[in-house]
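Okay, structure first, notes after.
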Amino acid sequence: MNGFSLEICWQFILLHCRVLLDFFRSLWRNPALCLLGRDLAQHALAWALNQSGSISHVVQTNSNYLSQPLWMRNRPDKKFSTHMVWYSQNSAPIVSTHDPIAAPLPNFRHIDVDHMWVWTEGFREFLLGLGCKAEFHVIGPIVWQIPERAPRKYDHIIRIAVFDVSPLPISAGKKIGLIWNYYCSETAMKFIGDIVAAKKELEAPACSKLKIMLKHKRESYGRDDAKYNNYIDSLSCNGDIDKVSFDTIIYSNRQL
C-alpha cells in the first residue's frame, strides 16, 4: 500500500471539510439528501486513496450487491478496477406454469463494476439481458476453497453428496414479499424424498452400499420450516441420509 504524500494529506483534510460544509448546506435546501451521508463521508478518503495509487482492486460478492458506494462507480480519474464475484447463481428467477413472468430482482440492473466473475455462460447472458455492463469472466463454480487431495476411502461405499436450501415457513416468506416461494417445504421434501427413493432402488443392482450425505446451504437460525426439519431428522434417524454440518469443507472433510 502506498502512503499519502504531505500534499495529498492536506488536500484530503481540506476536501473532507469542504464536503462536510456542502453537505449541511444541501440538507438545508433538500433534507432528502441525507441519503448521501455515507457516500459523502467516504468521498475525500476515496479520492486520496485513488490519487496516491493505494487501491488497485475492489472486490465485492453477491452478498453485498446492494452496497454500491458512489466512489466505486465510474469516475473520470479512477485508477482502480472493481469486481463482483458471484459465488452463487441462485439469483435467476424461477418461472412456473402458473406464474410464467420472470421477475428478477430490480437491484441487479444497477450493479456498476468493471469485472463480473460468474459460473456459467447462461448466467452471463442473464445479467447482460438485465443491462449489466462489465467484462465477464466465466470460470465455473466459485467455492472460496482451494481443492485438497482428500484421503481415498476403501470401504466400498458410494457416497452421494446432496446440497439443499432449507425452506422458510409460508408465514415467514410472506413477510419478505414471497407470495409464492418455490423453496417451500413441499418442494424441498419431494427433492430429498426422490433422491432417497432412487438410492433404495439402485442399491441392490449396484451391489454396493449407497450413502446420501446431506449438507444444508446455511446454518439454521430457528426460522426454517419445522415440517421440513422434522422430515430430515426422521430420515437421518432411519439411516436413509447422513447429515453433514453446513460449514463442512467438501474438499478436505473425510465424511464426503
Open item on the list: Output wanted: per-residue J couplings in Hz (rounded whole) for region 133-141, from phi through Karplus 6.51 cos²θ - 1.76 cosθ + 1.60, θ = phi - 60°, x for Gly and Pro.
Closed with: 10, 6, 8, 8, 10, 9, 10, x, x
Task: J(HN,Hα) series, region 91-99, from Karplus relation 6.51 cos²θ - 1.76 cosθ + 1.60, nearest Hz, glycine and proline x - done: 8, 5, x, 9, 10, 10, 5, 8, 9
- [ ] Calculate, in nm to one decimal, what Thr61 and Val165 gain on full extension: separation in residues at 0.36 nm each, minus their alpha carbon distance.
- [x] 35.5 nm
TODO: Give me the distance between the Cα centres of region 80-103 and region 1-76, rounded to whole Å.
DONE: 30
Task: Modelled FRET efficiency - R0 35 Å, Val95 with Ser54, Cβ distances, 0.05 increments - done: 0.20
- [ ] Hey, can you grab everything whose amide H is under 5 Å from the amide H of Asp242? Only 5+ residues off in sequence or another chain; H modelled, so Pro and N-termini drop out.
- [x] Ile212, Met213, Leu214
Task: Other-chain or far-sequence residues with amide H under 5 Å of Asp114's (modelled H) - done: Thr82, His83
Open item on the list: Cβ neighbours within 10 Å, averaged per peptide: list 244-250, 73-79 in order, most packed at the top.
Closed with: 244-250, 73-79
Task: FRET efficiency, Phe80 to Leu21 (Cβ-Cβ, R0 45 Å, nearest 0.05) - done: 0.95
TODO: In whole Hz, with x marking every Gly and Pro, tabulate ³J(HN,Hα) for region 56-62 from phi via Karplus 6.51 cos²θ - 1.76 cosθ + 1.60, θ = phi - 60°.
DONE: 10, 9, 10, 10, 10, 10, 6
- [ ] Run the 1.4 Å probe and let me know the accessible area of Lys190, rounded to the nearest 10 Å².
- [x] 120
- [ ] Highest first, please rank the peptides 25-36, 125-136, 176-187 by the mean number of other Cβ atoms sitting within 10 Å of their residues.
- [x] 125-136, 176-187, 25-36
Task: Within-15-Å neighbourhood charge of Gln89 [Cβ basis; K, R +1; D, E -1] - done: 0
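What per residue convex hull volume, in Å³, do the alpha-carbon atoms of the chain yield?
For the chain, the hull spanned by Cα atoms encloses 198 Å³ per residue.
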Task: Mean Kyte hydropathy of 0.0 or more with a Cα span along the axis of at least 18 Å, helices from DSSP in the chain - done: 6-29, 185-206
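The values are calculated or read from the model by the stated rules, or taken from the named source; none is laboratory data. Remember, it's a predicted structure, so these values are computed and weren't measured experimentally. Using ideal geometry, Cβ is built from the backbone for each residue, glycine included, and neighbour counts are taken over all protein chains shown. Calculation scope for accessible area: heavy atoms of the full protein, side chains included, ligands and nucleic acids excluded. Shrake-Rupley method; radii C 1.70, N 1.55, O 1.52, S 1.80 Å.
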